[in-house]
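Worksheet: the structure to be examined is printed underneath.
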Amino acid sequence: MRKITATELARNLRAVLDRVRESGESYVVERGGQPVVQVSPTPGRQDAQQALADLYRTLAPEAAQDWLEDARRGGEALDDELRDPWVS
């Protein structure tokens, strides 16, 4: 992990962000010789199917079957309408 001063970061923000994105490099930003923040690449994005792709490995067979049945039953009740989850 590379160290960079807050001033250097301010002057070279675009270049630093490009290096983080392209090479996965991380930086510790220091102010007054003390670490303040870390600039690191974010984890890759996943859609729901990718995130749940290996769920079957973590569930007991009975739980997996129950989950599958619930998901199939619930699919009929789903729609595209957005609702506020906090409204009673």
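The values are calculated or read from the model by the stated rules, or taken from the named source; none is laboratory data. Here the structure is a predicted model, which means the values were calculated and not measured. Note that we place each Cβ from the backbone using ideal geometry, even for glycine, and neighbour counts take in every protein chain shown. Heads up: the accessible areas ignore ligands, DNA and RNA and are worked out on the full protein's heavy atoms, side chains in. Shrake-Rupley method; radii C 1.70, N 1.55, O 1.52, S 1.80 Å.
Here are the numbers for the structure shown:
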| read-out | value |
| --- | --- |
| Top-ranked residue in the range 72-88 [being modelled with pLDDT under 80 and open to solvent by less than 100 Å² (accessible area, probe 1.4 Å); ranked as farthest from Ser26 (Cα to Cα)] | Ala77 |
| Selection status of Arg31, touching a helix residue (DSSP H, G or I) at 6+ places or on another chain (Cβ under 9 Å), among the charged types (D, E, K, R) and surrounded by 10 or more Cβ atoms within 10 Å (Cβ to Cβ) | yes |
| Test: residue in the range 18-25 that is more than 17 Å from the chain's Cα centre (by Cα) and aliphatic (A, V, I, L, M) | no |
| Within the range 6-51, helices (runs of 4 or more DSSP H) holding 3 or more residues that are in contact with a Ser or Thr (Cβ under 7 Å, 6 or more places away or on another chain) | none |
| Total residues in the range 34-69, condition β-branched (Val, Ile, Thr) and open to solvent by less than 80 Å² (accessible area, probe 1.4 Å) | 2 |
| Qualifying residues in the range 17-62 (those that are modelled with pLDDT of 85 or more and basic (Lys, Arg)) - the one nearest to Arg2 (Cα to Cα) | Arg19 |
